[in-house]
Amino acid sequence: MKRNNSSCPRVDIGGQAVMEGVMMRSPDRVAVAVRRPDHSIVVKCDPYEPLSKKHPWMGIPVIRGAVGMVNMLVMGMNTLQDSTNMLGVLDEEPTKFEKWLAKKLGKGVDKIVMGMAVVLAVVLSVGLFIALPAIAEQLLKNAGMPAWAYTLISGVLKVLILIGYMAVVARVPDVRRTFQYHGAEHKTVYCNEAGLPLTPENAQGFTTLHPRCGTAFLLITMIISVLLFSVLNTLWPIGSYFLRVLVHLLMLPLVAGVSYEVLKGLAHSESGIAKVLRWPGLQMQRLTTRQPDDSMLECAISAMNAALKGLPKDAPRTKEGWAILKTYRDSDPDAYPREDAPAAEEAAEETEQ
């Protein structure tokens, strides 16, 4: 099969599933592609500059992982909002209540809702993965269990909560579609890394499980936290429940930074040990990815092409400047010759004659 020389297989491309689409991030661009109800693909592309370029200290190992976690949380929420706007589902006239709410708070309703969603997500995450396991730790500690044991049980509880949460939300139809787009993102990244032409047919041949996935990062974070807090609880047993929760929150950037380095090292190694260690993270992705259809892969490919090369110059634009594509082939006309090119050339020759 012919290789795609215009792709960048050596460059790590990150991505995210969004509302009816995919976001792709290259070293210098962030692109979002969504499938609208009329079946067109709308693509948004913005320049991107890593924080480590502006502030070199943010590129230091471990620190870069903590910075990246915060950056991805902010970018992820903004991207979800962008995808919702691009779908056009917020174009309808606001209700009287929405107008009253916006007037009182001085902001758009969509921003208010997104802000509330962020707050609720943070509260839910802290409650499920920090506060609840800390209760179990406290009870087991009071029962006389050694530090390593109650820390291990707390870690297992976190993993079980994560698995249970993912299994429950996967039953929601809209979430399931998002998980399909997540699978499309992974397949397209694999296709690009293999240097193959970015087509749905080529991408479908790859697995939906990718070693650099955020799901694997979550699992690694939990494992690292168990190891770290086993040592911490042994050296400095914390008696107060609220102090325990506070320490877990304060240590989160360190845990995230170390986890990022572990994830990066495992993802770029083909040693037998690395394959064994990253296997659990890959299996976790079976909960957060599903097999996509070709239309979803077309969205992911459109986002990938935009992230690598920018928006196609000749594509029509919305008033916001987003490109409107009829097919993924329009995302990179140079890579996908028109199927009617021979007929068009014959017509041009007849005209000249």
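The values are calculated or read from the model by the stated rules, or taken from the named source; none is laboratory data. Bear in mind that the values here come from a model prediction, so they are computed numbers and not experimental data. Cβ sites come from the backbone with ideal geometry, for glycine too, and all protein chains shown count toward neighbours.
What is the number of the single condition among (1) under 29 Å from residue 334 (Cβ atoms); (2) surrounded by 17 or more Cβ atoms within 10 Å (Cβ to Cβ) that residue 204 does not meet?
Every listed condition holds for residue 204 apart from (2).
Name the single residue that is nearest to residue 305 (Cα to Cα) among those in the range 18-32 being modelled with pLDDT of 95 or more and small (Gly, Ala, Ser).
This residue is 31.
Go over the candidates 317, 290, 329, 286 one by one and state the one that is modelled with pLDDT of 90 or more, out of contact with any Ser or Thr (no Cβ under 6 Å at 6 or more places or on another chain), over 23 Å from residue 35 (Cβ atoms) and not small (Gly, Ala, Ser).
Only one candidate passes the filter, namely 286.
For every residue, the table says whether it meets (1) surrounded by fewer than 22 Cβ atoms within 10 Å (Cβ to Cβ); (2) touching a residue at least 12 places away in the same chain (Cβ under 8 Å); (3) of a type in the set (Asp, Glu).
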{"site": "251", "(1), (2), (3)": "yes, yes, no"}
{"site": "271", "(1), (2), (3)": "yes, no, no"}
{"site": "281", "(1), (2), (3)": "no, yes, no"}
{"site": "294", "(1), (2), (3)": "yes, yes, yes"}
{"site": "303", "(1), (2), (3)": "no, yes, no"}
{"site": "311", "(1), (2), (3)": "yes, yes, no"}
{"site": "323", "(1), (2), (3)": "no, yes, no"}
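Can you run down the residue pairs with Cβ atoms below 7 Å, 6 or more apart or on separate chains, where the first is in the range 42-58 and touching a residue at least 12 places away in the same chain (Cβ under 8 Å) and the partner is polar (S, T, N, Q)?
42/318; 43/302; 43/331; 51/71
Going by what's in this entry, would residue 189 be described as free of Cβ contacts under 8 Å to residues at least 60 places away in the same chain, outside any loop (DSSP other than H, G, I, E, B) and under 19 Å from the mean Cα position of the chain (by Cα)?
When the stated conditions are applied, residue 189 does not pass them.
Of the conditions (1) surrounded by fewer than 17 Cβ atoms within 10 Å (Cβ to Cβ); (2) on the phi < 0 side of the Ramachandran plot; (3) at pLDDT 90 or above, residue 5 clears all except one; give me its number.
Condition not satisfied by residue 5: (3).
Would you say residue 197 is at pLDDT 90 or above, over 20 Å from the mean Cα position of the chain (by Cα) and part of a loop (DSSP other than H, G, I, E, B)?
Yes.
For residues that are within 14 Å of residue 226 (Cα to Cα) and not small (Gly, Ala, Ser), scanning just the range 130-145, find the one that is nearest to the chain's Cα centre (by Cα).
Per the criteria, the residue is 130.
Please count how many residues of the range 218-248 are outside any helix (DSSP H, G or I) and among the hydrophobic types (A, V, I, L, M, F, W, C).
So the answer is 2.
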